Every structure is written in structure tokens, then in C-alpha cells.
Amino acid sequence: SHFIFNLFLISITLFQLNHLIKRTDIMTKFLHSALAALLLTASTNVAAFSVHPGHSLAKSTGVTSTELNAIGVLARKAKENEVRQWCEAGIDDSIMDKVKEMKANLPTLPSAAEADASGAGVGPVQKSLTKRKGTISVIAEYKKTFIVEDGFVDDVFAPELMSPVFREFGAKGVAVLADQRMGGCSYDELVKVVEEQQSAKGEMPEPVPVISSDLIVDEVQIARSAAAGADAVLINFSVAGERTELFIQCSRAVGIEAIVSVSTQAEAQAAIDAGARMISVVGVDDVDEKVAVVTDLKIPDGAAVLTIATIIANDNKALEEVEEAWVCRDKGFNAVWVSDCLFKIGNDPSEHAGAIIRGMAAKSSVKWASAKALGGKGEGAREYLGDILM
């Protein structure tokens with residue numbers, strides 16, 4: 001059946017990843033746990049694995065949309081089970097207060113069109129990320145564990161230590177991956193980042209918005225993010241589906257903003273129609289394909305839509321990601337969302353996370369400079385990133 005076939009594909013993918021990183025004991029346990037979660041939470045309804053209409057993938061991924069949607073369904077079910085168990089364990093009063101606030105405000109919440117018409121459609125997070133033409137804002141995502149060529153890294157500095165680095169080197173937003181199953185943080189650590197940013201009030205640079213990057217499957221997660229002090233949440237369209245509009249409204253009901261991640265132009269248009277005013281393109285490697293996702297969209301009258309390009313870390317020591325940020329800027333994106341590539345070089349003085357952020361935000365261009373690091377393999381200039389920033 002399609003169900004067994006998709007589970008087989010997932011099993012093979014996990015096995016290959018395990019072999020690639022030399023079967024370290026910790027990662028072996030992680031992979032076994034991940035596969036067990038997939039098997040335990042999967043539904044036997046074959047229809048759940050149908051191809052999402054209009055879905056396409058970057059050519060470099062090497063997988064089909066059927067396989068990707070199968071993984072998305074399983075991830076959603078695993079997260080739903082996790083949220084259910086968390087709720088059964090008892091919800092803090094601060095979060096319940098946000099749930100009550102959400103329910104109280106939803107019935108009288110202005111529609112997205114009404115908010116656009118009144119000028120209230122653009123919130124402080126969107127304003128912070130929207131800069132003049134010819135510049136790009138950087139959203140730096142913090143996570144605790146990520147995969148690299150020779151294994152995986154789990155010794156990233158604490159979030160309260162990295163938060164000021166992101167801000168002081170020019171990030172206009174800090175995202176915190178709040179899904180521990182994916183190498184992210186706990187909500188307690190999200191609170192630490194919020195508190196660190198708030199501690200910089202009255203200083204220069206001033207605090208930047210904090211974005212809760214969890215796999216949202218239930219309204220209570222939005223309430224939890226708001227209670228933690230987040231300024232915005234990330235909503236994955238392929239996971240939320242028809243509930244995207246509800247999740248956007250729930251975010252507005254507790255006074256935070258929503259960024260919706262999409263992979264196709266059809267998803268982007270559906271997200272905008274649902275009220276999204278910040279769109280993040282994910283799962284697409286090629287810059288031109290990213291541009292295609294946000295091209296020729298029908299924007300409602302009076303609405304302003306911010307576009308974000310998620311930059312995927314390359315599996316090498318060079319820093320083509322910096323150059324990709326420059327190209328995304330020149331192609332019209334308002335912001336870039338970066339994560340793993342911030343940490344892949346380590347803490348070299350010229351190529352640590354802060355230097356990479358500053359390099360991405362620089363006014364350089366691939367026409368005049370190269371960000372290739374450590375010898376700049378390939379044709380073109382051989383400058384270190386630190387040289388570009390001088």
C-alpha cells in the first residue's frame with residue numbers, strides 16, 4: 001500500500017542519515033526514537049498521503065511531493081500527540097489566561113481586510129523587518145542541535161548568550177526553534193531569549209522581535225507562545241492547512257503576529273487569502289524558484305505583504321549562504337531566515353554567527369565581492385568574510 005511504501009521511504013532516509021554521521025550512539029537513539037514515533041502516530045488511512053494540489057519541490061531535494069506530504073502528516077500527528085500529553089499534564093495559569101483572552105477577543109476581531117483598511121494590518125514585527133528597497137533584514141534562528149557533514153552539533157552557546165550576539169550584529173528578528181524533537185529549545189528557553197531582548201530596552205541596538213518557531217497544530221501553542229512573551233509565531237501552511245486562517249486570527253487575538261511558511265505559489269496565495277501578511281518561503285533551494293513562489297500573487301487592496309526567503313545551509317565550509325542573501329535582496333525579498341549556517345563555521349573571529357549576519361545585511365553584491373570563506377574554493381574572489389566587513 002501507499003502507507004507501507006511511504007514508511008519504507010522514511011525508514012531508508014533515516015538509515016542513510018544514520019550511516020552518514022557514522023552511527024554515533026546519541027544520534028542512533030534519536031533516529032530510533034524518531035522512527036518509533038512515526039510508526040506509533042501514523043494513521044492507516046491511505047488518503048492522508050495524497051499529493052497536496054499544486055505542490056512542487058526544489059529540484060535538488062531528490063524526493064517527491066507525495067513523500068514530503070507523508071512526512072508532514074506524520075510530523076503533525078506526532079506533534080498533536082505531544083501537545084495532547086502536555087495539556088493532560090496541566091496548563092499553567094499564565095497560559096490559560098491567554099487562552100481566555102483569545103476566546104474573548106475572537107468574536108469581535110476585525111477581519112484582515114478591515115485591519116488593512118484601517119492601517120492596523122502591519123504590526124510592529126512586520127514594520128521591524130520591512131526596510132527600504134535595496135536592503136535585507138535578517139531573522140536569526142536559534143536552535144540547540146543541528147546536523148553537519150561529520151555528525152551533529154549539540155554544544156551551541158546558551159540562548160541567552162546568543163540572543164545579544166544576534167541583536168548586536170544586526171539581526172532584525174530572533175527566532176527560537178521551540179520544537180525539541182527537531183533540535184530546538186524548550187519554552188522556558190524561549191522565555192530566556194525574550195527576557196534578554198527586553199533587558200536591552202533603552203540601549204543601542206534596541207531589542208528585536210522574538211519569533212516562536214514551533215510546529216503549530218493547536219491554538220494552545222499560540223497562547224503558550226504569547227504567554228512566553230513572543231512577538232510572533234511561525235505557522236506552517238502545509239501542516240495547518242484549512243486551519244491557517246484560524247491560527248492567524250488566534251495570533252491576532254492575543255496580540256502577536258503570524259508568519260506563514262509556504263513552499264509553492266498556490267500555498268502563498270492561499271495564505272494571503274487567509275489573512276497572512278508575512279510569508280516565508282521554505283523547502284526551496286534555488287533562488288529563482290523561491291522568487292516564483294511569491295511572484296504574481298494577488299494582494300488585497302490596502303494590504304502590505306512581507307516576503308521572507310529561508311536560506312538552507314550548504315553542506316560545506318564555504319559561505320555561499322551570504323551571497324544567496326544578497327541575491328534574495330536583489331530579487332526583491334524583504335528578509336532572509338537563517339539558522340544552521342550561522343553555526344557551521346564555529347566561533348572564528350571573522351566567521352562566527354554575528355559576522356555572518358552582518359555579512360548578509362551588508363550592501364555588498366555578488367557582482368563586486370565574494371563571501372567564500374577559508375580559501376574561497378572555486379572561481380572568483382578569495383576574500384574572507386571578515387575582509388568584506390572591514
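The values are calculated or read from the model by the stated rules, or taken from the named source; none is laboratory data. In this text the structure is predicted, and so the values were computed from the model without any measurement. No Cβ is skipped: glycine too gets one built from the backbone with ideal geometry, and neighbour counts run over all protein chains shown. When the accessible area is computed, the model is the full protein with side chains, heavy atoms only, and any ligands, DNA or RNA have been set aside. Shrake-Rupley method; radii C 1.70, N 1.55, O 1.52, S 1.80 Å.
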(message) Can you compute log10 of I(q)/I(0) for the stretch 139-296 with the Debye formula, treating each Cα as one identical point scatterer, at q = 0.09, 0.19 Å⁻¹?
(response) -0.30, -1.22
(request) Express in nm, to one decimal, how much length is gained between Glu80 and Ala266 on full extension, taking 0.36 nm for each residue of separation and deducting their alpha carbon distance. (result) 64.4 nm
(request) Can you tell me the FRET efficiency between Ala120 and Asp273 if r is taken as the Cβ-Cβ distance and R0 is 22 Å, rounded to the nearest 0.05? (result) 0.70
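May I ask you to derive the FRET efficiency for Asn105 and Asp315 from their Cβ-Cβ distance with R0 = 45 Å, giving the value to the nearest 0.05? Before the final figure, lay out each step's value.
Numbers: r = 45 Å, r/R0 = 1.00.
Plugging the Cβ-Cβ distance into 1/(1 + (r/R0)^6) gives 0.50.
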(message) Report the gain in length on full extension from Lys127 to Met96: 0.36 nm times residue separation, minus Cα-Cα distance, nm rounded to one decimal.
(response) 8.2 nm
(request) Using +1 at the Cβ of each Lys and Arg and -1 at the Cβ of each Asp and Glu in the stretch 165-221, identify which of Val208, Met182, Ala171 lies farthest towards the dipole's positive end. (result) Ala171
(message) In Å², and per residue, what accessible area does the stretch 131-250 have when probed at 1.4 Å with the other protein chains present?
(response) 41 Å²
(message) Longer than 27 Å from Cα to Cα, which of Lys79/Lys172; Lys192/Lys363; Lys98/Lys133; Lys98/Lys192; Lys172/Lys344; Lys77/Lys131 are they? Say none if no pair is.
(response) Lys79/Lys172; Lys192/Lys363; Lys98/Lys133; Lys77/Lys131
(request) Just report the Cα centroid separation between the stretch 268-283 and the stretch 68-133, whole Å. (result) 14 Å
(request) Scan around Tyr142 for amide H atoms under 5 Å from its own, H built in the peptide plane at 1.01 Å from N, and keep only partners 5 or more places away or cross-chain. (result) Ala175, Val176, Leu177
